[in-house]
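Visitor: Structure in structure tokens, see below.
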Amino acid sequence: MRVGSRTGSLVGLLAVLTPLLLALATARGPSAAAEDDTTGVPPGSVVVLSANLREGSLVVNAADRRDDRDLRTFARRMVARAGRATPDVLVLQEVRGSADRAVRVLNARLRAKGSPARYRVLTRPRMTMSSRAYGPVRRPGRHLVLRDTAILVNRATLRRVHGTGVMRTWGRWWKRAGCAENPWVRLTVQRPGEAARTVTVLGVHVALHGPRWKTRALRRMPGFVERHRGAADLAVLAGDFNHVRCPVRRLRPAGTGCEVRPGYRALAAAGYVDTVRATARSGPTPAGVSDRIDFIFTDGRARAAWFDRCYLAFRATGCADGSFTSEADHVTCMVRHDLHGSPGEGCSPAAYLRYYSDHHFLLARMS
């Protein structure tokens, strides 16, 4: 009799409490739980910049290394364009022998503008010869191994370095075949006012020649990153892919449109988006010039993206006041920087100070 009475009391108590518990759970809901998890802090994002600076690759030009006015032009444009969205990660191509100098110039500009951001080199370029097997290629004898990409990190937002390494792809630079080393980093960054975010960034510089090797490299990237990232990481592929998304207009059969190349189809199938195309607005060439080979891809959400399209205004539309409206003028100033380190015939002092590379830089914020 006592046991039955106790059971009846418990049943009655549960009958009273259950509606109250359900009401409390409904009041809190998913949004309330999410607020508890993040304590009201916005989700974390990552800003990545990619730039091929033509400061040293297979060839390092002594005159260019003696004069840093092109690096100062890049730093001035980068800091002005980034504003408060100062990048957490910089992926710089063709800076073999110049990565530290690029850091000094960038940090000097940031200091002059009162920005708290400061960069340091996390992965360094190198060039050597090796007889090892690199990546999927098994070639007898010694071959070139070139890593001309440096990854820089912003000390103001960096919270932890989890790992670094390289992805090796086979390719060809003019007549020299060999291995291109593409560095990767896994980091946690925290931007002001946001939650921390962990990201795996692959710095890409695919070798100049060999379409089938380029396709093979692009197809391998998602799987490679998947093996090195954390389960909740944002993934980013940034750099000079040396491969246009579809054959340039002048090389297509008359009346045909863009047929996306197999490597880029593979990235899309793996869930990666070109941040510039994903955030493009209507207007002149919103998704970028047709022969663009510099990209920032992510498998996360592209919040904002921009590239310095009017720097090489002769490749775009709507850029009457761009830095270089004539390809011939740009090439002349490039030669003056590479081989002379000073303005001269065909490249005035004013034009010389507008030049920073034969590529335009890109900037994207992702989450």
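Visitor: With the Cα gyration tensor of segment 114-210 giving a ≥ b ≥ c as the square roots of its eigenvalues, does the rule (a/c under 1.5 for rounded; else a/b larger than b/c for prolate; else oblate) give rounded, prolate or oblate? Don't jump to the answer; show the numbers that get you there.
Guide: Working: a/c = 3.18, a/b = 2.55, b/c = 1.25.
Prolate, because a/c is 1.5 or more and a/b exceeds b/c.
Visitor: Given axes a ≥ b ≥ c from the Cα gyration tensor, I'd like to know whether segment 269-367 is rounded (a/c under 1.5), prolate (a/b larger than b/c) or oblate. Please report the intermediate quantities before stating the final value.
Guide: On the way: a/c = 3.04, a/b = 2.17, b/c = 1.40.
Note, shape of segment 269-367 comes out prolate.
Visitor: Still on this model: How would you rank 227-234, 337-344, 166-173, highest first, on the average number of other Cβ atoms within 10 Å across their residues? All intermediate terms of the calculation are to be shown ahead of the outcome.
Guide: Working: 227-234: 14.5, 337-344: 17.2, 166-173: 20.4.
Top of the packing list down: 166-173, 337-344, 227-234.
Visitor: First select every other residue whose beta carbon is under 13 angstrom from the beta carbon of Ala268; then total the charges, Lys and Arg +1, Asp and Glu -1.
Guide: Working: positive: Arg219, Arg245, Arg261, Arg265, Arg277; negative: Asp274, Asp299.
Counting the neighbours of Ala268, the net charge comes to +3.
Visitor: Among Leu312, Ile296, Gly341, which residue has its Cα furthest toward the positive end of the charge dipole of segment 257-367, with +1 on Lys/Arg Cβ and -1 on Asp/Glu Cβ?
Guide: Ile296
Readers should treat all values here as calculations from the given coordinates under stated rules, not as data from a laboratory. Every value quoted in this text rests on a predicted model; they were computed, and no experiment measured them. Because the Cβ atoms are built from the backbone with ideal geometry, glycine has one as well, and the counts that use them run over all protein chains shown.
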